[in-house]
1. Taking segment 112-139 only, how many residues are of a type in the set (Gly, Ala, Ser) and within 21 Å of Thr162 (Cβ to Cβ)?
2. Is segment 144-162 home to any residue that is open to solvent by 60 Å² or more (accessible area, probe 1.4 Å) and among the polar types (S, T, N, Q)?
3. Among the residues of segment 93-132, what is the count of those that are open to solvent by less than 30 Å² (accessible area, probe 1.4 Å) and under 20 Å from Val174 (Cβ atoms)?
4. Quick one: in segment 133-143, of everything that is out of contact with any Gly (no Cβ under 9 Å at 6 or more places or on another chain) and at pLDDT 95 or above, which residue is surrounded by the fewest Cβ atoms within 10 Å (Cβ to Cβ)?
5. So which strands (runs of 3 or more DSSP E) are wholly in segment 99-173 and hold at least 1 residues that are more than 18 Å from Thr85 (Cα to Cα)?
Amino acid sequence: MQTNQTQNPRIQKVLRITGVVVALLLALNLAVVVMGSPAEPISTSKNFVPQSPLSVQAQAELMHETAVVAVKPAAVIVPHTRTITMMVTAYCPCEKCCGPNAAGITANGSSVTYNEGRFVAADSSIPFGTKLIIPGYDAGPVEVIDRGGAIKGNHIDVFFPTHEEALRWGRRMVQVTILD
């Protein structure tokens, strides 16, 4: 009498253990594909098919007996924001705007060429390095790196490289978004 190998208890036990190992390896491989590993780029293949030495039928049978491992995506950190209506004026590095001792250096020690000349002077209630989104001034957030004697409360000064550009900006009431 011949016995079917799949009905042999020892073979079934080996297949179950192998199935658990394969399922864990597949889950780990999936986690690397979903989250990426530090050493390898994330796979973007839509046709990713994990390879296994077992047949599709054996994998299906083994998966029936194994636990499913869930992969949780990494958390996304969103900065706290607040929007304030502020008086936004403009200045440049000339003596008229910055005084007779203008040297092209901001209050935090940066050059006026910092960030291609796109930055803000604000009251000390807004710390250096704070990023602001100012509609009409720059497409992205700009940093506070300067102070000014006339800048108090809800008033900021945006920097321009020339006096003509600063005059074109003038004075505006703007909804400024502060990224904390």
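1. Residues meeting the conditions: 4.
2. yes
3. Counting residues in segment 93-132 that are open to solvent by less than 30 Å² (accessible area, probe 1.4 Å) and under 20 Å from Val174 (Cβ atoms) gives 9.
4. The extreme case among them is Gly136.
5. Because the criterion is at least 1 residues that are more than 18 Å from Thr85 (Cα to Cα), the strands (runs of 3 or more DSSP E) in segment 99-173 that meet it are 142-146, 155-159.
The values are calculated or read from the model by the stated rules, or taken from the named source; none is laboratory data. In this text, all values refer to a predicted model and were calculated from it rather than measured experimentally. Every residue, glycine as well, gets a Cβ built from its backbone with ideal geometry; the counts of neighbours run over all protein chains shown. Side chains included, ligands, DNA and RNA excluded: accessible areas come from the protein's heavy atoms. Shrake-Rupley method; radii C 1.70, N 1.55, O 1.52, S 1.80 Å.
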